[in-house]
Amino acid sequence: MGQHLIHWVWLNSVPGIGARRASQLLEYFECPENIWNARKEELSRLPFLTRKTIENLMDKKIRDESEKHLERIYNHKIKVITIKDDLYPCYLKSIYDAPPLLFVKGQVEKDEKTIAIVGSRRATSYGLDMAERIGYELSKLGVTVVSGMARGIDSRAHSGSLKAGGRTLAVLGCGLDTVYPPENKPLMQRIEESGAVISEYLPGVKPVAQNFPARNRIISGISLGVVIIEANEKSGSLITADFALEQGREVFAVPGNITSSNSKGTNKLIREGAKIVTDIDDILEEIKVHRSSNNKEHRLVVKKPQFDGLDSDERIIAEQLSIEPTHIDLLAEKSKINIQEMNAILIMMELRGIVEQLPGKIFKLKE
Amino acid sequence: MLSKIKSCGLVGIDGYIVEVETDISSGIPAFEIVGLGDTAVRESKERVRAAIKNTGLEFPVRRITINLAPANQRKEGSAFDLSIALGILTATEQVNNPALDKYLFIGELSLDGEVKPVNGILPMAICALNAGIENIVLPIANADEAAVVRGLNVLPIRNISEIINHLNGEKPIDRYYIDIEGIFSSNINHELDFADVKGQANVKRALEVAASGAHNCIMVGSPGSGKTMVAKRLPSILPSMTFEEALEVTKIHSIAGILPQKTSLITNRPFRSPHHTISDISLIGGGKYPRPGEISLAHYGVLFLDEVPEFSKDALEVLRQPLEDGVVTISRVNASLSYPAKAMLVLAANPCKCGNFLDNTKQCTCTPKQVQQYLGKLSGPLLDRIDIHIEVASVKYKELESDKEEEKSALIRERVNKARKIQLDRYKGLKIFSNSQLQPAMINKFCRLDDKGKELLRSAFDRLGLSARAHNRILKVARTIADMEESGEIKLAHLAEAIQYRSLDRRFWNG
Ligand SMILES: Nc1ncnc2c1ncn2[C@@H]1O[C@H](COP(=O)(O)OP(=O)(O)O)[C@@H](O)[C@H]1O
Ligand SMILES: [Mg+2]
Ligand SMILES: [Zn+2]
């Protein structure tokens, strides 16, 4: 770090120099220090630089700022990994606009089996459930789960992975000094501890909208494949799917209810050839991860409820809930139990950890 | 000459006798009213003068002094017009009747001598009866209201001539009668019935529990899920009003001047639904000329605050004390007055700013933080008075179209009456009437749990993340559910159901 790093940070901060330009410059000059020292005439000969960008490269003020960037990086205990470092994730390195610098909190690994899980920020309980399960199952099998730490699907995919004690990577669209969304502070902490939070942005960069598509290319780029759960027609997750295809990654989609706007995007992907996920094996097959042969149960299909220790009313309720989460009125109607008893029974079942209550008096089976 | 005529004024919801003393003496012609009258009382002079002249009677061109006694009590309104006119007519011997002190006169005069209706007739009539007065003379439009008071001769008039002819023995006025029992029993009908509400078994059950124990409640649900619809039907399942309750409610509405024409008695429990832009004064009462507020107009009925997060914090704050005490006290410069305010409080709220948080068919566009903040605004004093939380989901189209018979309000009300009766018997002599009024010390006595019950409650607190304020509310509601089943002790199922009615205390609502 130190002297060497300041040139990298400088390069990353020059307006007009994105991932693509940076890699072209590095190809020509070999290291940022040479770019720093390059004379204007030399730069002018390069066809991919505009006059404005060259001015920025020579700009003293921008150069002076680099010290401050570096200080912020140290203060926030952020690690910097350059594309020339050995540790730089190999899949990400292979994309054509790989970020020259990665800012990291936690540990990255050069070569690991990674699957991204992305989807709607406003997911249904079904979507959230699937995110958590797929995150959990993949982690149990040693796959690293990548996502964007956004609300909804992303957050649940991370927490599913954490529950399984697995590694998970969060790729942010802002500097690592910002927690976004703010309520994810505890989640971010846990991701740092058991994986890494990654960004190509310097500390101080706010989570502005235009950062997110660029962030999505890293999510897909760092992964072997992308699983999409619940995306409406205009979802950012579809952008991630497009990147994945361009980058030659597998695209998986979890089918949804055809009446839900949240499934429009995913069902469309399936129609266009994305691989449908009805079982965790659907993903494993493509990325050449094999589970031990004696463990062949279909993990994503809800297990039949354990009826041991349930009385007959409770059993009827559990059976209905094993089909889908159900509103208390419908549950009472289907099971022919009157509403006051239903209220009492459900609380008892909830306290015993058999069912879970969701906002709106909807009940579901607890796993 | 000096004359004395009786009339009636109002403080709070009660009447008091006002003696109108008229002195006519020689001297420079003048017309003076003393005795703390407001503008309307002082303007009485002009109406009385014109009314007497236009009736073809003589208005004395002498020195007239009117005193409204007791002189230290502030008086307002135009209801003294009739008595002032009669005071002058008696003092000038245009009216001669030896039994005048058995009469009480109320009414506003128009310039041509017509007698026009006034507010607050019922409390005045009750006051007249209590003061031993036999006859009450009043505007014909107010007759039905006064006739509710048994033991009083109600003499309705259209204009001054009629009462003069009556008093002078020329043409007696017929006493006005109504069939009070008939009105009381036949008028108890509710146009809005729970049978109109399709499905919503859980919401109906929760409201039945609320009605059975007079518990305040809040409904949370997306727009169009039917919150307003069911709230409006709540009065129809509350116990029928007693005659005394009906009298008190009618008094308040009479004073506020919102008693419908030709109504003698309000027999249905009131339902008041003030808009969230309402002023503090309109909500709890008061003002320069004090009037009961919405909370008193809802006395013995339902005060419904729809879209309650939209109400200002101040408005919700001023409701706190009256809700606690069941009465609004208004301090005046030289007196204080009070209006009863025993209303059941029913709140309704969207689950979040966009409204769709509980709606499975629409997208909620709020962040988790915004969802928390929306109802979080309600926490504290007001939510602390709410025993029952009800989550309302929209019923499906299929259910709306179904012609399945839903239970009628009358049937539900019968059960509610039974549960209330048990409470009335149990709390005899304790000055409370329902489980919702149980004080902490009484809760220990009347809401005992056995060991299993205690264990259940403890684990509910541990596992559901209920906040501490839920504890006593759960016990009170459990007591009500036990009463609904005529069970002396609170059984596990009663307690378990009561725990269901605290959803807003749970983690997913308050973070
Ligand atoms: N359960 C129901 N049964 C019959 N009609 C209903 C029901 N729920 C809603 N509606 C209809 O929808 C309308 C809107 O309901 P409303 O009470 O105004 O909803 P909210 O107050 O929750 O916004 C009602 O006037 C009624 O016509
Ligand atoms: Mg409404
Ligand atoms: Zn919302």
> Carbon and sulfur together cover what percent of the accessible area of chain B at a 1.4 Å probe radius?
Replying inline: 50 percent
>> Can you work out the Karplus-derived ³J(HN,Hα) for every residue in the stretch A:99-108? Use 6.51 cos²θ - 1.76 cosθ + 1.60 with θ = phi - 60°, whole Hz, and x for glycine or proline.
In response: x, x, 10, 10, 9, 9, 10, x, 10, 9
>> As a test of the definition: which semi-axes, in Å, follow for the stretch A:312-365 when you take the square root of five times each eigenvalue of its alpha carbon gyration tensor? Largest first, please.
In response: 13, 12, 11
> Given H placed on each backbone N at 1.01 Å, which residues far from A:Ala253 in sequence or on other chains put an amide H within less than 5 Å of it?
Replying inline: A:Ile228, A:Lys275, A:Ile276, A:Val277
> For the stretch A:223-262, how big is the tail of P(r) above 16 Å, as a whole percent of Cα pairs?
Replying inline: 34 percent
> So, by mean Cβ neighbours within 10 angstrom, what's the order for B:252-260, A:114-122 with the highest one leading?
Replying inline: A:114-122, B:252-260
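How large is Rg/Rh for the stretch A:114-287, to two decimals, with Cα atoms and a Kirkwood Rh? Write down the numbers at each step before the final one.
Working: Rg = 14.4 Å, Rh = 15.4 Å.
Result: Rg/Rh = 0.94.
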> Can you tell me the accessible area per residue over the stretch A:312-365, all protein chains present, probe 1.4 angstrom, in square angstrom?
Replying inline: 38 Å²
> How much net charge surrounds B:Pro60 when only other residues with a Cβ under 14 Å from its Cβ are counted (Lys, Arg +1; Asp, Glu -1)?
Replying inline: +1
>> Please enumerate, by chain and number, the lysines with C-alpha under 24 Å from the C-alpha of A:Lys275, excluding those fewer than 8 residues away in the same chain.
In response: A:Lys113, A:Lys140, A:Lys234, A:Lys264, A:Lys288, A:Lys296, A:Lys303
>> With a 1.4 Å probe and all protein chains left in place, how much of the accessible area of chain A comes from carbon and sulfur atoms, in whole percent?
In response: 50 percent
>> Could you give each residue of the stretch B:148-162 its phi-based ³J(HN,Hα) in whole Hz, using Karplus coefficients 6.51, -1.76, 1.60 with θ = phi - 60°, and x for Gly or Pro?
In response: 5, 7, 6, x, 10, 7, 8, 10, x, 10, 9, 8, 4, 3, 4
> Over chain B, what relative contact order in percent results from Cα pairs under 8 Å that are six or more residues apart?
Replying inline: 13 percent
> Can you give the helix-only mean residue ellipticity at 222 nm for the protein assembly as shown, where every DSSP H stretch with n ≥ 4 adds -39500 (n - 2.57) and the sum goes over all residues, rounded to the nearest 500 deg cm²/dmol?
Replying inline: -12000 deg cm²/dmol
>> How many angstrom lie between the Cα centre of the stretch A:1-42 and the Cα centre of the stretch A:122-139?
In response: 41 Å
> Using 7 Å Cα-to-Cβ label points, what is the A:Lys185/A:Ser23 separation (nm, one decimal)?
Replying inline: 3.7 nm
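Of all DSSP beta bridges located in the protein assembly as shown, what percent are antiparallel, nearest 5?
Bridges in the protein assembly as shown are about 45 percent antiparallel.
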> For B:Val327 and B:Glu244 in the same chain, what is the full-extension length gain: residue separation times 0.36 nm, less their Cα-Cα distance, in nm?
Replying inline: 28.2 nm
>> For a protection proxy built on the mean count of beta-carbon atoms within 10 angstrom, sort A:225-235, B:90-100 highest first, please.
In response: A:225-235, B:90-100
>> How large is log10 of I(q)/I(0) for the protein assembly as shown at q = 0.05, 0.09, 0.10 Å⁻¹ when the intensity is taken from the Debye formula with one equal scatterer per alpha-carbon?
In response: -0.47, -0.95, -1.07
> How large is the charge dipole for the stretch B:194-509, taken about the Cα centre, if only the Cβ atoms of Lys, Arg (+1) and Asp, Glu (-1) carry charge, to the nearest 20 debye?
Replying inline: 340 debye
> With every protein chain present, what is the per residue accessible area of the stretch A:2-75 (1.4 Å probe, Å²)?
Replying inline: 58 Å²
> Expressed in nm to one decimal, what extension gain is obtained for the pair B:Glu485 and B:Lys171 from 0.36 nm per residue of sequence separation less their Cα-Cα distance?
Replying inline: 106.8 nm
> Between B and A, buried accessible area summed over both sides at probe 1.4 Å, in Å² to the nearest 100?
Replying inline: 2400 Å²
>> Under 8 Å for C-alpha pairs, at least 6 residues apart: give me the relative contact order for the stretch B:101-184, rounded to a whole percent.
In response: 27 percent
>> Rounded to the nearest 10 Å², what accessible area does B:Leu10 have for a 1.4 Å probe in the complete protein model?
In response: 50 Å²
> Excluding ligands and nucleic acids, what accessible area in Å² is computed for A:Arg352 using a 1.4 Å probe, to the nearest 10?
Replying inline: 120 Å²
> Viscosity 1.306 mPa s, temperature 10 °C: Stokes-Einstein D of the stretch B:194-509 from its Kirkwood Cα radius, in µm² per second?
Replying inline: 78 µm²/s
>> Along the Cα→Cβ direction, 7 angstrom out, place labels at A:Ser125 and A:His76. What is the inter-label distance in nm?
In response: 3.7 nm
>> Using alpha carbons only, how many angstrom separate the centre of the stretch B:357-376 from the centre of the stretch B:65-131?
In response: 60 Å
>> Given points 7 Å out from each Cα along the Cα-Cβ axis, report the A:Glu42 to B:Gln439 separation in nanometres with one decimal.
In response: 9.0 nm
> Between A:Lys52 and A:Glu233, what FRET efficiency comes out of the Förster formula 1/(1 + (r/R0)^6) with R0 = 30 Å and r the beta carbon distance, rounded to 0.05?
Replying inline: 0.20
> How much FRET efficiency would the formula 1/(1 + (r/R0)^6) give for B:Leu111 and B:Lys353, where r is the Cβ-Cβ distance and R0 is 51 Å, rounded to 0.05?
Replying inline: 0.35
> Largest first, how would B:His299, A:His69 line up by accessible area (1.4 Å probe)?
Replying inline: A:His69, B:His299
> Ranked highest first by average number of other Cβ atoms within 10 Å, how do B:384-390, B:498-504 line up?
Replying inline: B:498-504, B:384-390
>> Rounded to two decimals, what is the ratio between the C-alpha radius of gyration of the stretch B:88-204 and 2.2 N^0.38 Å?
In response: 1.48
> When the chain is fully extended, how far beyond the present Cα-Cα distance does B:Glu134 get from B:Gln370, taking 0.36 nm per residue of separation?
Replying inline: 78.5 nm
>> Quick query: amide H of B:Lys116 versus all other amide H atoms, modeled in the peptide plane; which residues come in under 5 Å with a sequence gap of 5 or more or a different chain?
In response: B:Glu108, B:Leu109, B:Ser110
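Using 1/(1 + (r/R0)^6) with R0 = 56 angstrom and r between the beta carbons of B:Glu58 and B:Ile281, what's the FRET efficiency to the nearest 0.05?
Efficiency at R0 = 56 Å is approximately 0.80.
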> Out of the DSSP beta bridges found with both residues in chain B, what percent are antiparallel (nearest 5)?
Replying inline: 50 percent
> What net charge do the residues around B:Ala141 carry, taking every other residue with its C-beta under 10 Å from that of B:Ala141, with Lys and Arg at +1 and Asp and Glu at -1?
Replying inline: +1
>> At 1.4 Å probe size, put A:Trp10, A:Trp36 in order of accessible surface, largest to smallest.
In response: A:Trp36, A:Trp10
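The values are calculated or read from the model by the stated rules, or taken from the named source; none is laboratory data. Remember, predicted model here, so these are calculated numbers, not experimental data. Here Cβ is always computed from backbone atoms with ideal geometry, including for glycine, and neighbour counts include all displayed protein chains. The protein model used for the area step is the full one, side chains on, heavy atoms only, and it has no ligands, DNA or RNA in it. Shrake-Rupley method; radii C 1.70, N 1.55, O 1.52, S 1.80 Å.
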